[in-house]
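None of the figures in this text is laboratory data; all of them are computed from the coordinates on show. Predicted model only: the values in this text are computed from it and were never measured. Backbone-built Cβ (ideal geometry, glycine too); neighbour counts: all protein chains shown.
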Amino acid sequence: MKTNISLEEAQAMLLARAMDIGQKNNNLTDTLGRVLSKDIIAQENVPPFPRSPYDGFAFRSVDTVSASQSSPVTLNVIEEVPAGYTAKNSISAGQAIKILTGAPIPEGADAVCKFEETTVKDNKVTLYKSYEQQEGIVPAGEDIARGTLIAAKGTVVTPPIMGLLAALGIPMVPVYKRPLVAIVSTGDELRDVSETLTPGKIRNSNSYTLQGYIRSIGAEPIVIGMCPDKVEEVASLIEQGLERADLVLTTGGVSVGDYDVVRHAVDYLEAETLYWKIDIKPGSPSLAAIKNDKLIIGLSGNPAAAMVTFQLLVAPFIKKIMGRQEYLNPKLEVILKTNFPKASPRRRFLRGKLVIENGTAFMEITGGQGNGVLSSMEGCNLLAEVPANSGPLQAGQKLTAYLI
């Protein structure tokens, strides 16, 4: 077991143990946010036929070679074709077909003009300019050409991808299964949200925050339950989590106190402990162990510390096992908007919000930065790194930050 390791080493240890959780074919209506398990290659053109982009007339371009304002050309209109239908006739010399937006180009036609560019009387249309071949025609495959890579394996399905799959006639979509993440809350002091508090007790906010973050990633949380700081009871809930989920998260009980029993519960289960404690603030109390090829990750009981560690370590791991191509937090440089008065003997991560002003990225600190200040995560979409042994920070300083 390693102790007090760097964030990067802890992250590498977890990601190296990312496992394949399987694939399935999912109904297209339920694919938003899912991750493709195969490349999607277009097997047909979209649109599948040449069509008109507007209401007008289809004709042979050769019939308009001599057309001008002073010497227009008049064609016989032999038919009208709305969208969703095809022409019954093919076009011959001197003929035109009235065509509406989206309708297929009739056989024999190689140009389309707008209705407002013509004069129509009875069944005749008059054109006042010459047209090139294919002018005014949307070719087959303008949107998607057969053989095009629509979306690569590991891509998160977005609304436009859903629309493209529908256009290609793909009702069942190959995706990775959703990871199941078990949540175990430990601590004699915890009570559930519906319970009345008695002296010395607090409500279990960590479970609900984690459920939200897990769902927002695209995974599925399984709440195993709460238990007091007793080795056997903690071990029992972890074991239930291992049986039901792909990953077990615990909160609380990973520090050095007499009631911090998660380490002992992991030993009781004969799991292999990978590391204990990370050299960051907040979130140093943290543990990772493995049993039956499944990870057990212990987070701090302090809400802000737990969520920072979740975002930096657990979220990338979940994204990787769900098959995402991009699973690491994007990195960017930001400018601190306000002073931060505390020194940072240990590498620190500040919670904040990205603000763009005149094309420059700033970070606005979101509330108090104490280990237990969960309210600082509201509106937080950045974790900015403060190097170890830094003094107080001044507004205007540049920091490396991670998007969450």
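Any of 277/353; 24/153; 38/320 with alpha carbons more than 21 Å apart? Name them for me. In this structure, 277/353 lie more than 21 Å apart at Cα.
Each Cα pair under 8 Å and six or more residues apart adds its sequence gap; the mean of these over the residue count of segment 56-127 is a relative contact order of 43 percent.
The count of lysine pairs in segment 56-127 that are at least 8 places apart or cross chains, and whose C-alpha atoms lie under 13 Å apart, stands at 4. The alpha-carbon of residue 2 sits under 20 angstrom from the alpha-carbons of these aspartates and glutamates, leaving out residues fewer than 8 places away in its chain: 260, 267, 270, 272, 279, 293. Electrostatic bookkeeping for residue 401 treats Lys and Arg as +1 and Asp and Glu as -1; over the other residues with beta carbon under 13 Å from its beta carbon, the sum is +3. Under a Gaussian network description of the chain, with springs only between Cα atoms under 10 Å, the residue in 153, 24, 88 that fluctuates furthest is 88. When 286, 390 are sorted by how many other C-beta atoms sit within 10 angstrom of their C-beta, beginning with the fewest, the order is 390, 286.
Each of 115, 310 was scored by other Cβ atoms within 10 Å of its Cβ. Listed from fewest to most, they are 115, 310. Considering only 12, 265, 245, the mean-square fluctuation computed in a Gaussian network model of the chain, springs between alpha carbons under 10 angstrom, is largest for 12. Each part reduced to its alpha carbon centroid, segment 226-240 and segment 11-78 end up 54 Å apart.
Helix-only estimate, please: 222 nm mean residue ellipticity of the chain, summing -39500 (n - 2.57) across DSSP H runs of length 4 or more and dividing by its residues, to the nearest 500.
Estimated from H runs of four or more residues: -4500 deg cm²/dmol.
Restriction of the GluC sites (Glu not before Pro) in segment 93-185 to DSSP coil positions whose beta-carbon has at most 14 other beta-carbons within 10 angstrom yields 107, 132, 135, 142.
In this label model, residue 123 and residue 364 are separated by 6.9 nm, measuring between points 7 Å along each Cα→Cβ vector.
According to the calculation over all Cα-Cα pairs in segment 331-403, the P(r) per 5 Å bin from zero is 4, 18, 29, 28, 16, 4, 1 %. Of all DSSP beta bridges confined to the chain, the antiparallel ones make up roughly 65%. Each residue in 349, 340, 59 was given a count of other beta-carbon atoms within 10 angstrom of its own, and listing them fewest first yields 340, 349, 59.
A cut-off under 10 angstrom between Cβ atoms defines the neighbours of residue 245, and their net charge, with Lys, Arg +1 and Asp, Glu -1, is -1.
Classified by the C-alpha gyration tensor, segment 299-368 has an oblate form. Its axis ratio a/c, with a ≥ b ≥ c, is 1.5 or above, and a/b does not exceed b/c.
So what is log10(I(q)/I(0)) for the chain at q = 0.09, 0.14 1/Å, when the Debye sum runs over its Cα atoms only? Log-scaled intensity ratios, in q order: -0.68, -1.16. In segment 243-289, one over the average inverse separation of all distinct C-alpha pairs is 11.4 Å, which is the Kirkwood hydrodynamic radius. Per residue, the Cα convex hull of segment 56-127 amounts to 74 Å³.
Applying both filters, DSSP loop and at most 11 other Cβ atoms within 10 Å, to the GluC sites (Glu not before Pro) of segment 150-237 gives 195. Across 297, 217, 91, mean-square fluctuation computed from a Gaussian network of the chain (C-alpha pairs under 10 Å connected) peaks at 91.
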